[in-house]
Structure formats: structure tokens, C-alpha cells
Amino acid sequence: MGESVHREKAEVSAVSHPGRGRGESSPPLRVLLVEDHPIVRYALKGILAHAYPRAVIAEAEDARAALERLQGDPWDLILLDINIPGRGGLDLLQDVRRIRPDTRVLVVSAYPEEDFAVQAFKLGAAGYLEKSQAPEKILEAARKILAGGKYVNTLLAERLAAALGDHHADQSPREALSPRELQVLCLISEGRTIKAIAAELSLSEKTIATYRARLADKTGLSTNVELARYAFRHGLIH
């Protein structure tokens, strides 16, 4: 059991920033919890601190405190409740996009996804999770979001695609993807790592990770296996 816990921590740390792990020499992950219930903040902080031992985890109990934190420090990830005192969570989400546009936001709410998820994604959220979900779902969502993807359950994916005007599903990869994205997709489908792709294309690992994130966003696929199947289905690899 101890070995699996260490492996989980290593995997989480490795994807915190695409192409870069979070070893002792790397800056720690910075997370802001925006939640008005102390018990919920305590639980979320415990879950994240266990997986990210070196993380800097700050708390804000209302919109005013959250805005002060946003204006004062950069954050890698924000866990945001919708129903908070002051400006509501969705209003605050717009402030995040304005003040810290590169910060990834995971909405963690008591409201069912069908009530607010579509609106949250339209406003720039990278994920939506109901508080009733198991604790491990927090880490699953965090990993995916920090790696550049979006987190939403399968049942809501089609509704989101329609609501957000995603027309890529009706397009071939050659229409939906840029030439470089197609190139990266094919190399990923061949089993190449981000490091190997970066070396072959003479680009930085960070740049390749960005293309990887764009592929995930455009195709709605999160794993390399899914991307390989996508490429095979559309005749890009044989």
C-alpha cells in the first residue's frame, strides 16, 4: 500500500505542469481554495496536501478574500465553490479570467452539474465536480486540469459540446486541427513521449505539452490511447 501511495504522489507531481515534474528544485504547486464552509475547506486541503506534500494551499472564505489573494499572488489551481458570500462563484470566475487568465479553475459545488456546469465552462472553468463525489475524484480532476485538459463527466460531455458550440466533432482531423497539431497527434499515436516529440521537432517540451492540451480540448479525448484510436479511426496512422 505504501508503494502505491508514493507512486500516486509521483504521478500527480509529474503532471502538475506539462513537461515538468515538481521535484525539490521545482516551485511548489500553488492552490487557492475558495469555499465558505470551514469543514469543506479542511477536507479539500487534506486531500490535496496528501497528494502534493510541498504544495502551498491558501484559503478564502468569501469573494472579497479571494480577490485579495488573486491580486496578490499567482496560482496554479483554484478550487471554487459557486455559493459563496459576496460576489457569487460564477462572478468571481470572471474575475479570475481577467486577473489571472492562466490560472486553472475547478468548480467544486453542491449543485448538480446539469444546473451550472455549462455556464461555468462558458465563463472559463476547466472542470466541474459535485461535492458528493468521492475524494479521489478531486485528485483525478486536478491532474487532468493541471495537465491542460478539462474535467467533466461522460454523461455531460455531449451537452457541453452542443452548448459551447463545439463543431469539431463533425469535422475531420485535417479540418479541425492545425498541421502542427496533426503532427503531434501522429507522434503521440506512435507511442512517443513529450520529451521525444520535442527532440524530434526541435521544440521545447512546454510547447509540445501545449499542443497536447489543445488536442485534448479539440477532440474531447484525454488519454494517449484515446488519441491513438482517434488517429487510427480517421486514417492518420495504420
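In the stretch 229-238, how many are buried (at least 18 other Cβ atoms within 10 Å of the Cβ) and either basic (Lys, Arg) or at pLDDT 85 or above (or both)? The qualifying residues number 0.
Would you say Val96 is in the same structural domain as Ala134 (by TED's automatic domain parsing), among the β-branched types (Val, Ile, Thr) and closer than 17 Å to Leu129 by Cα? Spell out the reasoning first.
Values: in the same structural domain as Ala134 (by TED's automatic domain parsing): yes; among the β-branched types (Val, Ile, Thr): yes; closer than 17 Å to Leu129 by Cα: no.
Considered against the rule, which asks whether it is in the same structural domain as Ala134 (by TED's automatic domain parsing), among the β-branched types (Val, Ile, Thr) and closer than 17 Å to Leu129 by Cα, Val96 comes out as no.
What about Ala142, is it buried (at least 23 other Cβ atoms within 10 Å of the Cβ), farther than 23 Å from Arg69 by Cα and hydrophobic (A, V, I, L, M, F, W, C)? For Ala142, the condition - buried (at least 23 other Cβ atoms within 10 Å of the Cβ), farther than 23 Å from Arg69 by Cα and hydrophobic (A, V, I, L, M, F, W, C) - is not met. Within the set Lys206, Lys195, Lys218, the sole residue that is outside the structural domain of Tyr151 (by TED's automatic domain parsing), in contact with an Asp or Glu (Cβ under 8 Å, 6 or more places away or on another chain) and either among the hydrophobic types (A, V, I, L, M, F, W, C) or at pLDDT 85 or above (or both) turns out to be Lys195.
Could you list all residues from the stretch 91-119 that are modelled with pLDDT under 85 and not acidic (Asp, Glu)? I'd like the intermediate steps shown before the answer.
The first filter runs over the stretch 91-119 and keeps only residues modelled with pLDDT under 85, leaving 110-119.
Within the stretch 91-119, Ala110, Tyr111, Pro112, Phe116, Ala117, Val118, Gln119 qualify.
Please verify whether the stretch 98-111 includes one or more residues that are more than 23 Å from Glu140 (Cβ to Cβ) and in contact (Cβ under 8 Å) with a residue 24 or more places away in the chain.
Narrowing the stretch 98-111 to residues more than 23 Å from Glu140 (Cβ to Cβ): 98-101.
Checking the rest, the ones that are also in contact (Cβ under 8 Å) with a residue 24 or more places away in the chain come to 99-100.
Yes: the stretch 98-111 contains one or more residues that are more than 23 Å from Glu140 (Cβ to Cβ) and in contact (Cβ under 8 Å) with a residue 24 or more places away in the chain.
A count restricted to the stretch 186-218 and to residues that are assigned to a loop (DSSP other than H, G, I, E, B) and of a type in the set (A, V, I, L, M) stands at 1.
Restricting to the stretch 182-221, name every residue that is among the hydroxyl-bearing types (Ser, Thr, Tyr), on the phi < 0 side of the Ramachandran plot and exposed (fewer than 15 other Cβ atoms within 10 Å of the Cβ). Before the answer, list the steps.
Of the stretch 182-221, the ones among the hydroxyl-bearing types (Ser, Thr, Tyr) are 189, 193, 202, 204, 207, 210-211, 219.
From what's left, on the phi < 0 side of the Ramachandran plot: 189, 193, 204, 207, 210-211, 219.
Correct list: Thr193, Ser204.
Residues that are surrounded by 17 or more Cβ atoms within 10 Å (Cβ to Cβ), assigned to a helix (DSSP H, G or I), at pLDDT 90 or above and of a type outside the set (A, V, I, L, M, F, W, C) are absent from the stretch 156-178 altogether. If you filter the stretch 7-29 down to residues that are surrounded by fewer than 17 Cβ atoms within 10 Å (Cβ to Cβ) and more than 21 Å from Lys137 (Cβ to Cβ), you find that the one that is modelled with the lowest pLDDT is Arg20.
The values are calculated or read from the model by the stated rules, or taken from the named source; none is laboratory data. Since the model is a prediction, treat every value here as computed from it, not as a measurement. Cβ: placed from backbone, ideal geometry, glycine included. Neighbour counts: every protein chain shown.
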